[in-house]
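To start, the structure under review is shown below, and the notes come after it.
The values are calculated or read from the model by the stated rules, or taken from the named source; none is laboratory data. Predicted model only: the values in this text are computed from it and were never measured. Ideal geometry is used to build each Cβ from the backbone, glycine not excepted, and the neighbour counts take in all protein chains shown. Protein only, heavy atoms only, side chains kept; ligands, DNA and RNA dropped before computing areas. Shrake-Rupley method; radii C 1.70, N 1.55, O 1.52, S 1.80 Å.
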Amino acid sequence: MLMPHPAVLRRLLAEYEAAAVNEPADATGEPSPRTRDLAYTLCVSTGTRDVRRALETARRHLAAAPEPVAGAAHAAVAD
């Protein structure tokens with residue numbers, strides 16, 4: 001299975017975690033649309049169907065990835 005670049009996965013994970021904490025649920029208790037979109041993207045990116053499994057898989061993948069070099073992620077995005 002293809003996995004996203006660690007920098008992309010790290011950013012996606014951070015955005016999901018921030019949205020899950022900072023964006024209020026709707027009146028029915030469902031996550032915000034942004035949180036749902038990020039959860040879906042995490043699932044697709046990790047080949048899972050459940051956001052909890054996607055988070056576990058992303059964290060496991062990132063734990064095995066080399067630490068980012070300062071400024072390397074910005075240079076890759078700018079190209």
Within the range 28-56, the residues that are surrounded by 18 or more Cβ atoms within 10 Å (Cβ to Cβ), polar (S, T, N, Q) and free of Cβ contacts under 8 Å to residues at least 40 places away in the same chain are T35
Six or more apart or on different chains, Cβ under 6 Å: which pairs go from a residue in the range 13-27 that's without any contact (Cβ under 8 Å) to a residue 24 or more places away in the chain to one that's open to solvent by 50 Å² or more (accessible area, probe 1.4 Å) and assigned to a helix (DSSP H, G or I)? Could you list them?
-> A19/R34; E23/R34
Considering A14, A54, A73, which residue is at pLDDT below 95 and either at negative phi or hydroxyl-bearing (S, T, Y) (or both)?
-> A73
